[in-house]
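A short worksheet on the structure shown next.
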Amino acid sequence: MKVGILANIKKNGSLDVVEELLNWLSEHGHQAVLPEELSASLRGRRKGCSPGDFRKHSQLVVAIGGDGTILNAARVLAPHDVPVLGVNLGTLGFLAEVIPRDLHRAMGKVLAGKHTIEERMLLKARIGDSGAWHYALNDMVIDKGGISRVIELHVWIDDHFVGSYKADGVIISTPTGSTAYSLSAGGPIMNPKMRAIVATPICPHSLAAPLGHRSRRGAQDRGGLGSREDDLQRRWPREPPSAIRRCDDGGRSPADLEAGSCRVALLL
């Protein structure tokens, strides 16, 4: 089997875990697939590949780090339906199922088919009709950026107007992400197996409550967000500054969002 490896190289001990996994895979007749950045950080000469080749050739991905590494893996792999096994080097580890000392035993079970797969819903969003699509396992956030006043946001579901928020922004969360930023802003906790989306306003200038929308199985639900401000920013969580885009379109900045079109499989 071709096993892709993603790792947070900034975490202490992550490269040691990667080296141990590489040796284990080689001893058991499996092939490792490494992204270029990770291969360049390892001892010896390891061949790396482009993001496209990584997605194409990986039959299973081991994400070594913490929940943030798994969230990144979900973005990298969407919508290729490749299962992800999380190895926790962090502190929380809500999504990471394995600790380093149990990795070899866990890999043996996974490669022998002695595991279960839990599917989690992803969000897919873009700004404007021609913007690039982005994916998220936890949430996507539209906020006011650096301005010191609230913005007005209008929400649609399947072309039906739902309501407006005057707030610092709004968090669009999956059930998996309902225990992250959305929860801190007063949003509800949802069962991670649900097919639902919650829109949680950030510091609303009203008594607005979080909005939940449950999706039909297999449905391609579409949502929309618009703002009258010309200084609206979109922030994707845990992404570098290059992922922040300012929308100066003269008064209306629509953002399209879909759910149900992509998924990530977590190995348990």
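At a glance:
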item: Derived scalar couplings ³J(HN,Hα) [region 11-25; Karplus, 6.51 cos²θ - 1.76 cosθ + 1.60; whole Hz; x for Gly, Pro]; result: 7, 4, x, 5, 5, 5, 5, 4, 4, 5, 5, 4, 5, 5, 4
item: Label-to-label distance, nm, for residues given as GLN31 and ALA112 (7 Å Cα→Cβ offset); result: 2.5 nm
item: Accessible area of region 1-104 belonging to carbon and sulfur atoms, whole % at 1.4 Å probe; result: 45 percent
item: Rounded, prolate or oblate (a/c below 1.5 giving rounded, otherwise prolate when a/b exceeds b/c) for region 153-193 by Cα gyration tensor; result: oblate
item: Charged-residue dipole, Cβ positions (Lys, Arg, Asp, Glu), region 125-192 about Cα centre, Debye nearest 20; result: 200 debye
item: Computed accessible area, HIS28, all protein chains, 1.4 angstrom probe, square angstrom; result: 100 Å²
item: Full-extension gain in nm, LEU92 to ASP129, via 0.36 nm per residue minus C-alpha separation; result: 9.6 nm
item: 5 angstrom amide H check on HIS205, placed H, neighbours 5+ away; result: LYS166, ALA167
item: Point-to-point label distance, ASP16-ASP158, nm (Cα→Cβ direction, 7 Å offset); result: 5.4 nm
item: Heavy atoms of PHE161 accessible to a 1.4 Å probe, total area in Å² rounded to 10; result: 120 Å²
item: Set of lysines near LYS124 by C-alpha distance (under 23 Å), chain-local residues within fewer than 8 positions excluded; result: LYS56, LYS144, LYS193
item: Amide proton proximity set for GLY4, modelled H, under 5 Å, gap of 5+; result: VAL33, GLN59, LEU60, VAL61, VAL62
item: Distance from region 73-111 to region 165-210 (C-alpha centre basis), Å; result: 26 Å
item: Sparsely packed trypsin sites (Lys or Arg not before Pro) within region 1-100, loop by DSSP, other Cβ within 10 Å at most 10; result: LYS10, ARG43, ARG45, LYS47
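The values are calculated or read from the model by the stated rules, or taken from the named source; none is laboratory data. Values in this document were obtained by computation on a predicted structure and should not be read as measured data. Every residue, glycine as well, gets a Cβ built from its backbone with ideal geometry; the counts of neighbours run over all protein chains shown. Surface areas here come from the heavy atoms of the whole protein model, side chains and all, with no ligands, DNA or RNA. Shrake-Rupley method; radii C 1.70, N 1.55, O 1.52, S 1.80 Å.
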